[in-house]
Amino acid sequence: MVGEALVVSSPSLEPPILSSSLFLSLFTLLSSVLSLSFSSSLLSNSRQQLPWTTPTATKKKLVVEVVAAHNLMPKDGEGSCSPFVEVEFENQRLRTQVKYKDLNPVWSEKLIFHVKDVADLPYRTIEINVFNEKGPAIAEIFWISLKFYLSTKEAVKEVTSGDAAVSGSSSSSSKKNKKLQQQGPAMARQQQQQMAPDNNNKPSQQTQQHAKPGGPKPGDIKPVVITTGHAPAIPRPGGGVPAGVGGLRNVFSGGSNEFSLKETSPHLGGGLLHRDKTSSTYDLVEQMQYLYVRILKCRDVSASGGGEVMAEVKLGNYRGITKRVSANNPEWGQVFAFSKDCIQSSVAEIFVKEKDKDEFLGRVWFDLNEVPRRVPPDSQLASQWHRMEDKKGDKSKAGEVMVSIWFGTQADEAFAEAWHSKAANVHFDGLSSIKSKVYLSPKLWYFRVTIIEAQDIVPGEKGASMVKFPELSVKAQVGNQVFRTRIAQASPSRSLSNPYWNEDLMFVVAEPFEDYLLVSVEDRVAPGRDEVVGRVLLPVTAIERRTDDKAVTSRWFNLDNHLGNAGEPKIVSRFGSRIHLRVSLEGGYHVLDEATMYSSDVRPTAKQLWKPHIGVLEIGILGATGLIPIKLKEGKGGSTDSYCVAKYGHKWVRTRTVVDSLSPKWNEQYTWEVFDPCTVITVGVFDNSRVDKNTTNAGGYRDSRIGKVRIRLSTLESDRVYTHSYPLLMLHTSGVKKMGELHLAVRFSCANMGNMLSIYSLALLPKMHYVHPLSVNQLDSLRYQAMNVVASRLSRAEPPLGREVVEYMLDHDSHMWSMRRSKANFFRLMSVLSSFVAMGRFVESMRNWNKPVYSTIFMMIFLVLVSFPELIIPLLLLYMAFVGIWRYRSRPRQPPHMDTRLSHAETVYPDELDEEFDSFPTSRSAEIVRMRYDRLRSVAGRIQTVVGDMASQGERFQALLSWRDPRATFLFVNFCLFAAVGFYLVPTKAVVALWGLYVLRPPKFRSKLPSRALSFFRRLPTKADSFL
């Protein structure tokens, strides 16, 4: 069916929430023809497709059952709405009840319409409108779950499950229309395929329908999906509808399968029948066969004029060309790799040619059936001299070429540096960017600079007519990182020329240390103008390193006061200015370059503080499927040149780039040492922009993001291989979008389980983070600096790892404001508190005595625990242990992945996404900024009210003894005195038991008014009365 959004106006109601025009075909209703593209030919031939004959004596009725709606938008200003559904069919208009204050209403109401002429049903429409009783129209598309079918009864028995969005059936006679036999062969085959589940039981069904021509049969009712998407809805043989098909998310399912994690079964290590000695090393990837051709050099080649020569390897339609070298010393030393899947010839030919000439100087060929197969760790195949033949077939004058040729897999040592046949169309400048590489992050240190004081500072010139106290501050700079101290305050015990600061400044530096520390003392001579009165330059390599909390000795450094031009004579000063500094390289901290929640390494900087690794992480990057085209290429349409980047600890890996493929296969395996199981590995997929020559020439070196996957090692079982396809999800301004699926094989091996379990009792970060903790603002600033240092260093590698790749892998924008993330975090908090809310509801149900037997048992257990309080903690611990053992059976079998529902990516407003992707500072118009500011003010106003209410409750507790209300305090003090005597005379168990019996008394013996204690507490004063 096709669902098209319409706007229906009504004089007595507000505009509709959703209006859908449902073009119903009678054949589609009763034969379960589920199609989203409703063609005109199908409509014109619908009379010939009627699968039954309708008796004229039977009066037909159309039953539309409105089941539920999902994810409606709040429109009453209080975060909710009051929806109802109105259905109109042939001038008959019926409506459901109003569900007040419900964003996910469930109606389950049947609306029955009279059908005048069944033959005209293909040309009739059903209009279904969802209205909000009060408030403006909701301009958003929501899914509504419906059921409809034809019947001859007023009351129709429901025979389908709640999972079907829309289902239809008929209770008419079972005799088939004779016109069905006259339909075309194509339509007959289509009907035969669509009605395959019913063909097996056709005789029995016909008999039953003749015997009972009444209500709908369970076997006849087939589901129909109503959706606004463009993808076809594919019915299941059993009558169900796959969740998420055609853009309709099932109301009763857990979400769309499109964004779910799927388990795969790849042939790792070549399969059980094709394993070799490399399976122990490359057992997490599928074996890929390649033909390797290594061309080293040639000799005795007669090149005209002693020019340049080159070699060419030809295999079917693929050609690989070496670099050009001098004919006097023709050495290439290059390897070519041809994928076995792309081999279209049984002969590999090697030509030696002169520069810019088509005719070859020599030729040699190899029969692929005679090529040997090499399996590492065997030594490399020795290259041999092969005599070439000229174009006449003469081998006496063509010279010789040194070549080795063999079949191997991606485990071969030559694989990483080889020229691949699938990169034949990549220009020469882009060849270096498509190879797989391993990068190491620079070793980062925190550089602490403590500015203590200065002596004998000569203030700057402020003008003859201006007499002003000096405003001295210190600026420290390391590379691009600049920090300033506050302006030194005047003190009666110190002169103006001896300022005092005592401030710590933290920088991030990387090995090898190439930077200098520049400390300058500045005097503010005018607003916005500072004059340098002295400076000192210190190399970072000369700074003392420390790994613990021992104090570092401070030192005095002389300041350079001669800052004028080179031609000016140096002024001889009576006193030399100097500054007191304490500088050190902190090796006891872990330099955070990624978000703490996604950290892949928590070791300190100093290597002597590292502990032995506890395990090994192995990951096989198999490939990707269903990638979306990222760019357009001339003559090829949409294309993607994808590669993967995996980051864990200091080690970054980059797979080779698979050119022009939407389903690339990498099959590369990498290994990391694991020092802490509570860490995360991140794998990202990108599109290589350096492959396209036009982009490279234009200087566009930004690789496009395709998606990323995070895997927390603590969620993996030891020594188990996880093979799954992870959805690559990206959030765009138009909403969440699936960019494809990434296939991975992951294994976490543990050498000693005792060592790994002991890690859980240790501190997460090194000791210095707790002895001398850094503030939250410092950590955020240092993380940004560390990310810049890592990005600048990795961009200098070859091939470079772009800044956009590093920033995306390190989540550089995780601190930016997002309304979507705020709502997601709020609901995460509500989910955590839901267990306490459930406990409160349980106790309240026991107090209400809705189930007297359970309430009596609960009261008896309470009295037993009061009588024997020593059983409370053991029973509580036993309960938690039992729950943990019971849930072991239903433990998660798959690693976690990106959850669109948890992230609120499916229900986000377009304006919120636009705000999330806005730059900082904003680049939007003033009107949009004003609207967003007002929205933020409204949200902050609610938070302000909640915080104020919490503060009022706390102030009421303080008012019990503050004598702000003397009468209330007098009553409370007297109550405390009498209660102290009572608790001394009466045992505590008896008091608790009596209190419990009083609280759990049946509602018959309770008053609806609040208790006296609560009324007394609410009357206490707060400081809200003193607010302006």
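The values are calculated or read from the model by the stated rules, or taken from the named source; none is laboratory data. Remember, predicted model here, so these are calculated numbers, not experimental data. Virtual Cβ from ideal backbone geometry, glycine too; neighbours counted across all protein chains shown. Note: accessible area is taken over every heavy atom of the protein model, side chains too, but ligands, DNA and RNA are not part of it. Shrake-Rupley method; radii C 1.70, N 1.55, O 1.52, S 1.80 Å.
Listing for the model above:
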item	result
Neighbourhood net charge (10 Å Cβ-Cβ; Lys/Arg +1, Asp/Glu -1) for Lys355	0
Filtered trypsin sites (Lys or Arg not before Pro), the range 793-848: DSSP coil and at most 15 other beta carbons within 10 Å	Arg796
Count, lysine Cα pairs under 29 Å in the range 819-1026, 8 or more residues apart or across chains	5
Relative contact order, percent, the range 819-1026 [alpha-carbon distance under 8 Å, six or more residues apart]	34 percent
For the range 592-609, Karplus couplings with θ = phi - 60° (6.51, -1.76, 1.60), whole Hz, Gly/Pro x	7, 10, 9, 4, 4, 6, 10, 5, 9, 7, 10, 6, x, 5, 5, 5, 5, 8
Estimated distance in nm for a label pair at Leu875 and Arg841, the labels positioned 7 Å out from Cα along Cα-to-Cβ	2.4 nm
Protection-proxy order for peptides 400-409, 958-967, each taking the mean of Cβ atoms within 10 Å per residue, highest first	400-409, 958-967
Note, ³J(HN,Hα) from phi for the range 797-810, Karplus 6.51, -1.76, 1.60, rounded to Hz, x at Gly and Pro	7, 9, x, x, 9, x, 4, 5, 5, 5, 5, 5, 6, 9
Built amide H within the under 5 Å cut-off of His420, gap 5+	Ala337
Nonlocal amide H pairs with Arg545, under 5 Å, H built at 1.01 Å	Leu585
Euclidean distance of C-alpha centroids, the range 908-942 and the range 488-556, integer Å	41 Å
Among the listed pairs Lys314/Lys391; Lys443/Lys647; Lys60/Lys110, those beyond 19 Å (Cα-Cα)	none
Shape category assigned to the range 819-1026 from the gyration tensor of Cα positions, a/c cut at 1.5	oblate
Carbon/sulfur fraction of accessible area - the range 819-1026, other protein chains in place, 1.4 Å, %	69 percent
Relative contact order computed over the range 289-424 (Cα-Cα under 8 Å; 6+ residues apart), in percent	33 percent
Amide H contacts of Thr640 (H built 1.01 Å from N, under 5 Å, at least 5 apart or other chain)	Ile630, Asp660, Ser661
Computed lengthening from Met753 to Asp394, 0.36 nm per intervening residue step minus Cα-Cα distance	122.3 nm
Percent carbon-and-sulfur accessible area, the range 289-424, ignoring ligands, DNA and RNA, probe 1.4 Å	43 percent
Charge sum, other residues only, whose C-beta stays under 14 Å from Met819's C-beta, Lys/Arg counted +1 and Asp/Glu -1	0
Separation in nanometres of the label points that stand 7 Å from Cα toward Cβ, at Gln380 and Leu902	4.7 nm
Label-to-label distance, nm, for residues given as Val776 and Leu829 (7 Å Cα→Cβ offset)	1.2 nm
Calculated from backbone phi, Karplus (6.51, -1.76, 1.60) coupling profile of the range 774-783 in Hz, x at Gly/Pro	9, 6, 5, 5, 5, 5, 5, 5, 5, 5
